[in-house]
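*Asks:* Please see the structure below; I have some questions.
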Amino acid sequence: MRIGPHAIDPKVILAPMAGVTDKPFRLLCKRLGAGLAVSEMTISDPRFWTTRKSLQRMDHAGEPDPISVQIAGTVPAVMAEAAKYNAGNGAQIIDINMGCPATRS
Ligand SMILES: Cc1cc2nc3c(=O)[nH]c(=O)nc-3n(C[C@H](O)[C@H](O)[C@H](O)COP(=O)(O)O)c2cc1C
């Protein structure tokens, strides 16, 4: 299976789960055989990117490819900027969440 240029091998994907799929958990799941492990939900609004939670959620240093980040939001231009920002932090695949019932994350 491929997403763009990225091979998802094996075809076992860890779904994004806020409060669960943090970096240690993603690394563990990839080590145990996940082909892709999506980040926790990250916020698209740049005003929150410097909070402790966002800094942790947007950190992908040392994470094996492919790196997938979920971005939550509804405004296309804001989402586009957030995608670029996360790509700058290592994201290779962007997962868009436009309908999460959870409160701001
Ligand atoms: C604790 C928890 C947190 C979740 N957080 C997110 C999230 O942040 N973003 C999202 O798109 N889905 C979230 N989900 C939904 C999961 O990604 C997944 O779609 C759902 O658990 C169904 O998975 P399944 O089809 O493998 O059973 C969450 C689910 C759980 C249980």
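The values are calculated or read from the model by the stated rules, or taken from the named source; none is laboratory data. Bear in mind the structure is a predicted one, so any value in this text is a computation, not a measurement. Backbone-built Cβ (ideal geometry, glycine too); neighbour counts: all protein chains shown. Accessible surface areas use protein heavy atoms only, side chains included; no ligands, DNA or RNA. Shrake-Rupley method; radii C 1.70, N 1.55, O 1.52, S 1.80 Å.
*Asks:* Go through region 10-34 and count every residue that is touching a Leu at 6+ places or on another chain (Cβ under 9 Å) and away from the ligand (no atom under 14 Å from the Cβ).
*Replies:* Total meeting the criteria: 1.
Per-residue answers, yes or no, for (1) free of Cβ contacts under 8 Å to residues at least 40 places away in the same chain; (2) closer than 23 Å to P5 by Cβ; (3) polar (S, T, N, Q):
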| position | (1), (2), (3) |
| --- | --- |
| P64 | yes, yes, no |
| Q70 | no, yes, yes |
| P76 | yes, no, no |
| A80 | yes, yes, no |
| N86 | no, yes, yes |
| N89 | yes, yes, yes |
| Q92 | no, yes, yes |
| I96 | yes, yes, no |
| C100 | no, no, no |
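*Asks:* Would you say A61 is modelled with pLDDT of 95 or more, closer than 13 Å to A91 by Cα and in contact with a Leu (Cβ under 6 Å, 6 or more places away or on another chain)? Break it down into steps so the answer makes sense when it comes.
*Replies:* Details: modelled with pLDDT of 95 or more: yes; closer than 13 Å to A91 by Cα: yes; in contact with a Leu (Cβ under 6 Å, 6 or more places away or on another chain): no.
So A61 fails the test.
*Asks:* Now for a different question. Among A102, A34, which is modelled with pLDDT of 95 or more and either open to solvent by 30 Å² or more (accessible area, probe 1.4 Å) or not polar (S, T, N, Q) (or both)? Explain how you work it out, then say what you get.
*Replies:* Numbers: A102 fails: modelled with pLDDT of 95 or more.
Every option except A34 fails the conditions.
*Asks:* If you don't mind, there's one more thing I want to ask. Can you go through M41, M79 and tell me which one is within 15 Å of the ligand (Cβ to nearest atom), under 21 Å from P101 (Cβ atoms) and outside any helix (DSSP H, G or I)?
*Replies:* Only one candidate passes the filter, namely M41.
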